[in-house]
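Everything below concerns the one structure shown next.
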Amino acid sequence: MHLTARGGPAFLVGLVVIAVLAWAAGSWLADRPTFGGSVARIPVVALAPLLAAVLLGPSLAGADEELERGTPLPWRVWRTGHVLLAAVLSAAVLSLAGLADPHTFGAYALVRNTLGHTGLVVGAAALLGVRLAWLPAFCYGCAVYAAAPRGTDRVTAIWAWPVQPSSATVSWLVVGVLFVAGITGYVLRGAGGRHGRWPVLIRSRLSWR
């Protein structure tokens, strides 16, 4: 009932569609001799997990978040289970699209990026609300992809982790921090309500003045 009220079935259907499209696009790109094998799957590795995380955003709050907070349920436990289940399910389903060649830009990179973007979306939901939870991850992911960094050094791997090969250890560390921080913020504070916490705080400061 909890997942149904938050659009769980729609999220699952959308996730399967994204995984199928990612598999089809990745196979097509890798088979094109002009694109260069596994490196050609960078667009899929960068964008498919981002779309899955964006799809998760609306499910992070119910129709009336404040009303739900008034019920005697252990919401921190429910939030933890909700996010972890969604993250594991997303990573598992999307990894199927890259199992044919899991190294470099395959299943491992898809799992890493899914966890990283999920952390960004979940953390943004606690600050901005579910309506804007997609915005930071979407803007960041598109900016990194547009920048098209070619380096794999440590500094580049820190800020350009969505387009790094899965062998870049630093990119996994960055993703781990984002994932843990995002989940922690959401579990402790929940979704930021209809308008989010920061917009409400700004409006209250302006009205006080």
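The values are calculated or read from the model by the stated rules, or taken from the named source; none is laboratory data. Keep in mind it's a predicted model, so treat the numbers as computed, not measured. Cβ placement follows ideal geometry from the backbone for every residue including glycine, while neighbour counts extend to all protein chains displayed. Heads up: the accessible areas ignore ligands, DNA and RNA and are worked out on the full protein's heavy atoms, side chains in. Shrake-Rupley method; radii C 1.70, N 1.55, O 1.52, S 1.80 Å.
The condition of being aromatic (Phe, Trp, Tyr), modelled with pLDDT of 90 or more and open to solvent by 20 Å² or more (accessible area, probe 1.4 Å) holds for only one of Trp75, Trp134, Trp161, that being Trp134.
Filtering Leu173, Leu120 for residues that are out of contact with any Asp or Glu (no Cβ under 8 Å at 6 or more places or on another chain), within 30 Å of Thr4 (Cα to Cα) and either modelled with pLDDT under 95 or open to solvent by 30 Å² or more (accessible area, probe 1.4 Å) (or both) leaves a single hit, Leu120. If we scan segment 87-104, do we find a residue that is open to solvent by 60 Å² or more (accessible area, probe 1.4 Å), within 16 Å of Leu56 (Cα to Cα) and modelled with pLDDT of 90 or more? There is at least one residue in segment 87-104 that is open to solvent by 60 Å² or more (accessible area, probe 1.4 Å), within 16 Å of Leu56 (Cα to Cα) and modelled with pLDDT of 90 or more.
For segment 49-65, the criterion of being modelled with pLDDT under 90, open to solvent by less than 60 Å² (accessible area, probe 1.4 Å), out of contact with any helix residue (DSSP H, G or I) (no Cβ under 6 Å at 6 or more places or on another chain) and at negative phi is met by at least one residue. Of everything listed in (1) more than 18 Å from Ala53 (Cα to Cα); (2) modelled with pLDDT of 95 or more, the single unmet condition for Leu188 is (2).
Selection of segment 27-39 for residues being part of a helix (DSSP H, G or I) and modelled with pLDDT under 85 yields Ala30, Asp31, Gly37, Ser38, Val39.
Quick one: how many residues across segment 137-154 are open to solvent by less than 40 Å² (accessible area, probe 1.4 Å) and assigned to a helix (DSSP H, G or I)? So that I can check it myself, show each step before the final result.
Let us first name the residues in segment 137-154 that are open to solvent by less than 40 Å² (accessible area, probe 1.4 Å), namely 137, 141, 144, 149, 151.
Now drop any that are not assigned to a helix (DSSP H, G or I), which leaves 137, 141, 144.
So the answer is 3.
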